[in-house]
Amino acid sequence: MFRITQYMRELISPSPLGEKRRPPGPVVIWNLIRRCNLTCKHCYSISADKDFEGELSTEEVFNVMDDLKHFKVPVLILSGGEPLLRPDIFEISHRAKDMGFYVGLSTNGTLIDKENIKGIASVGYDYVGISIDGIKDTHDRFRRKQGAFEASMNGIRLCHENGIKVGMRFTLTQDNAPELPQVLQLMEDESIDKFYLSHLNYAGRGNKNRKDDVVLTTTRRAMELLFDTCRRYELEGKSREFVTGNNDADGVYLLLWAMKHFPEQVEHLRAKLAQWGGNSSGVNIANIDNLGEVHPDTFWWHYKLGNVRQRPFSEIWQDTSEPLMAGLKLSQRPLKGRCSQCRYLDICGGNTRVRAYQLTGDPWAEDPACYLDDEEIGLNGEGERLQVTPYVGRGQRKVI
């Protein structure tokens, strides 16, 4: 996840560099149930409105939670499918909060109503994320259900009314990119706390719809709109949070954007971004699916590292005899192509490996969704490094 707001604040009001923060354990995104009341076009878990056999029982979930706590996992994001369809979701959520986890709920929002909002509020979720993929007809088409937009917006409003921090999740594709300005305006109109833009990842149903992924120029325009909007909010003193996911080139593109708008802070921003380091799948991000299979992140469902019924998560996560995990955990991953030669590798970390794997069968091939051109990343168009001319912004310092 790339926290735009955090780094925008560094441009506007820089803070000391300090030491790099190392999370005590990975953030765990936990797909507790695969069943869903929707069949969304870009679903990575390919859920459906039916029961799936073999899902972890309540007792098994609790046992895994004990191991996660002992392993110093700080954050649980409870997801699905649609997690509100799981009968014990509140029991699990209350226990997670009582154990001291930061607990998020990832939902499509359509099932949040006046009947269950008090139960949701009583948990004390640190954050509830609700998917909005366009305005009305576009959202309903993505979610494949008429009325889904109104139901999700009702869920957002109910969360607000009950003091729950709530955010919108928007998956960017060629079909809905033109509506991004309207969705951001909706965020303003509804006073929504957080906006998360997810780049389409090639996994699950999203992999089947790869042809719908946005072209590179559209991605760049979308990111510029987010940067401009975030800057405006910060300068106006409004409390809003903007983040993106599934394309770590976003950090590099913010640096390039800053060269035009905050040239005097570019060196500082570059140092901060290098501390972040980009992609952390298999390191600081983990996934457990509904059957207990562990994956490097939510888009690696086709790749199983082990099952929590056979081995504790803590053992699975530290096992570098597994080739993919061994590579992911290296400080310098064994990347190939453009990624291996990129001058900003220390910022993005090689970006999202699952896209390379889906397209080539090689997890270390270059990420096909990097939207930076060769010159921007210091290559000559043939995969070779250029003699880098340091950037000079408005007579300011030289920056490489």
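Here are the numbers for the structure shown:
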quantity: For residue 294, net neighbour charge (Lys/Arg +1, Asp/Glu -1) across residues whose Cβ lies under 13 Å away; calculated: -4
quantity: The stretch 1-159: relative contact order as a whole-number percent, Cα under 8 Å and 6+ apart; calculated: 22
quantity: Stretch gain in nm, segment residue 311-residue 126, where the contour uses 0.36 nm per residue and the Cα spacing is subtracted; calculated: 63.7 nm
quantity: Charge sum, other residues only, whose C-beta stays under 15 Å from residue 239's C-beta, Lys/Arg counted +1 and Asp/Glu -1; calculated: +2
quantity: Estimated FRET transfer efficiency when R0 is 35 angstrom, pair residue 154-residue 238 (beta carbons, to 0.05); calculated: 0.90
quantity: Accessible area in the full protein assembly, largest first, 1.4 Å probe, for 227, 62; calculated: 62, 227
quantity: Mean accessible surface per residue for the chain, computed with a 1.4 Å probe while every protein chain stays in place, in Å²; calculated: 43
quantity: Degrees between helix 89-98 axis and first principal axis of the chain (Cα, 0 to 90, nearest 10); calculated: 60
quantity: Theoretical FRET efficiency, 1/(1+(r/R0)^6), r = Cβ-Cβ of residue 9 and residue 343, R0 22 Å, to 0.05; calculated: 0.30
quantity: Other-chain or far-sequence residues with amide H under 5 Å of residue 241's (modelled H); calculated: 194, 195
quantity: Extension gain, residue 321 back to residue 144 (0.36 nm per residue minus Cα-Cα distance, nm); calculated: 59.5 nm
quantity: Surface share of carbon and sulfur [accessible, 1.4 angstrom probe, percent] for the chain; calculated: 47
quantity: Cβ-derived FRET efficiency at R0 56 Å, residue 217 paired with residue 90, nearest 0.05; calculated: 0.80
quantity: Phi-based couplings in Hz for the stretch 156-167 (Karplus 6.51, -1.76, 1.60; Gly and Pro marked x); calculated: 4, 5, 5, 4, 4, 4, 10, x, 9, 5, 10, x
quantity: Residue order for 144, 343 - accessible surface, 1.4 angstrom probe, largest first; calculated: 144, 343
quantity: Long-range amide H partners of residue 292 with built H, under 5 Å; calculated: 56
quantity: Cα extents of the stretch 91-196 along the three principal axes, largest first (Å); calculated: 43, 23, 22
quantity: Dipole magnitude (debye, nearest 20) for the chain, charges at Cβ of Lys, Arg, Asp, Glu; calculated: 580
quantity: Spacing of the two label points (7 Å from each Cα toward its C-beta) at residue 185 and residue 359, in nm; calculated: 3.4
quantity: Spatial separation of Cα centroids for the stretch 285-303 and the stretch 22-36, in angstrom; calculated: 8
quantity: Dipole magnitude of the stretch 77-228, debye to nearest 20 (Cβ charges: Lys/Arg +1, Asp/Glu -1, about Cα centre); calculated: 500
quantity: C-alpha long axis of helix 216-235 to longest principal axis of the chain, angle in °; calculated: 80
quantity: Backbone N under 19 Å from the residue 17 label point (7 Å along Cα→Cβ), restricted to the stretch 310-353; calculated: 343-349
quantity: Per-residue HN-Hα couplings for the stretch 319-328 [Karplus 6.51, -1.76, 1.60; θ = phi - 60°; Hz; x = Gly/Pro]; calculated: 7, 8, 6, 7, x, 5, 5, 4, x, 5
quantity: Estimated vicinal HN-Hα couplings, Hz - the stretch 56-73 in sequence order (Karplus 6.51, -1.76, 1.60; Gly, Pro = x); calculated: 4, 6, 4, 4, 5, 4, 4, 4, 5, 4, 4, 5, 4, 5, 4, 7, 6, 5
quantity: Solvent-accessible surface ranking, highest first, for 304, 114, 69 at 1.4 angstrom; calculated: 114, 304, 69
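The values are calculated or read from the model by the stated rules, or taken from the named source; none is laboratory data. Note that the coordinates shown come from a computational prediction; the quantities given were computed from them, not determined experimentally. Note that we place each Cβ from the backbone using ideal geometry, even for glycine, and neighbour counts take in every protein chain shown. SASA here: full protein model, heavy atoms, side chains in, ligands and nucleic acids out. Shrake-Rupley method; radii C 1.70, N 1.55, O 1.52, S 1.80 Å.
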